[in-house]
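Reviewing the structure listed below.
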Amino acid sequence: MSMPVLMLATLAGTLAYLGLAILGWGGFGAFFSHPPLVALTLVLFALTILAPFTGGNLSSGVREDRENRWVLVAFGIIGVLSAFLPAYTDRLDFWTFGGNGVRWFGVFCFAVGGALRLWPVFVLGNRFSGLVAIQPGHQLVTDGVYGLIRHPSYLGLMISSLGWALAFRSGVGLLLVLLTLPPLVARIRAEEALLRSQFGAEYEAYCARTSRLIPGLY
C-alpha cells in the first residue's frame with residue numbers, strides 16, 4: 001500500500017471512530033463544548049498523522065498463524081462499541097463517575113498510551129504486522145523498551161483504551177477495556193508461540209529475563 005493510500009485509510013478510520021463518539025455525545029456542538037474532549041480529538045489526530053510513518057503493515061510475511069485472525073474481528077467489534085458507548089453513556093450520565101479531573105487524566109493516559117503504542121512500531125518498522133506473522137529477514141529486538149517487556153505496543157493499547165474510557169467518565173468504557181483482555185492475551189500467546197518456534201532457545205532466554213506487559217508482574 002502506497003503512503004498516500006495508507007494515510008487516507010488511516011484518516012478515514014480515525015474520522016469514523018471520532019464520528020461515532022460525536023454521534024454518541026449528540027453532535028458537534030455538544031461534543032466540542034468540553035475542552036478535555038477537544039484535547040482528546042487533537043491527540044487522536046496527532047497519533048493518526050504519525051501512524052503511517054511507523055512502517056507497520058498487515059503483511060502475512062513468510063509464515064502466519066492464520067488461526068489467530070479471529071482476534072482482529074473481536075478487536076474491531078470492541079473498537080466500534082468503545083467509540084460510541086462511552087460518549088453515549090456520558091451524555092446520558094449513565095454509570096459515569098468523577099468530573100473534568102477524570103476527563104483530563106483520561107486525555108493524558110490516551111496520549112501516553114498512544115505514544116507507547118506507536119513507539120515499538122517505529123522500532124520494528126516493517127517487521128511489525130497487524131497479523132501474527134514472521135516477516136522476511138525477521139530478527140528479535142531485545143533492547144530498549146523490549147529489554148523490559150515483550151509487548152510494549154499492547155501495553156500502550158490498553159493504556160490508551162483506558163484513557164479513552166476515562167475521558168468520557170464511562171463505567172461502560174472501563175468494562176469494554178476489560179473485554180479487550182481475553183483476545184489480547186490470546187494474541188500475545190499466539191505471537192509468542194510463533195516466535196518460539198522461529199527462534200527457539202534464543203527466544204526462550206529472552207522470555208526468561210523479561211515480562212509480557214508489566215515488569216515484574218506479567
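All of the numbers you see were taken from the coordinates with simple rules; none came from a lab. None of the values given here were measured: they were computed from a predicted structure. Using ideal geometry, Cβ is built from the backbone for each residue, glycine included, and neighbour counts are taken over all protein chains shown.
Using only Cα atoms and rounding to the nearest 10 degrees, what angle (0 to 90) does helix 152-167 make with the longest principal axis of the chain? The two axes meet at around 10 degrees. In this calculation the C-beta distance from ARG209 to ASN126 is compared with R0 = 25 Å, giving a FRET efficiency of 0.40.
Relative to the first principal axis of the alpha-carbon coordinates of the chain, what is the inclination of helix 171-199, with its axis defined by its Cα atoms, in degrees from 0 to 90 and to the nearest 10? That works out to roughly 10 degrees.
Taking the longest Cα principal axis of the chain as reference, the axis of helix 70-92 is set at about 20 degrees. For segment 12-42 and segment 142-182, what is the separation of their C-alpha centers, rounded to whole Å? With segment 12-42 and segment 142-182 each reduced to a Cα centre, they are spaced 20 Å. Shown for SER59, SER33: other C-beta atoms within 10 Å of each C-beta, ranked fewest to most, produce the order SER33, SER59.
Counting pairs of alpha carbon atoms under 8 Å apart in space and at least six apart in sequence, what relative contact order in percent does segment 3-208 give? Spell out each step's value before the answer.
Working: 285 pairs, mean separation 58.8, N = 206.
Reported as a whole number, the value is 29 percent.
Out of the trypsin sites (Lys or Arg not before Pro) in segment 157-218, which ones are loop residues according to DSSP with at most 10 other C-beta atoms within 10 Å?
Those satisfying the criteria are ARG209.
Net length available on complete extension from LEU23 to VAL185 is 55.2 nm, with 0.36 nm assigned per residue and the Cα-Cα distance removed.
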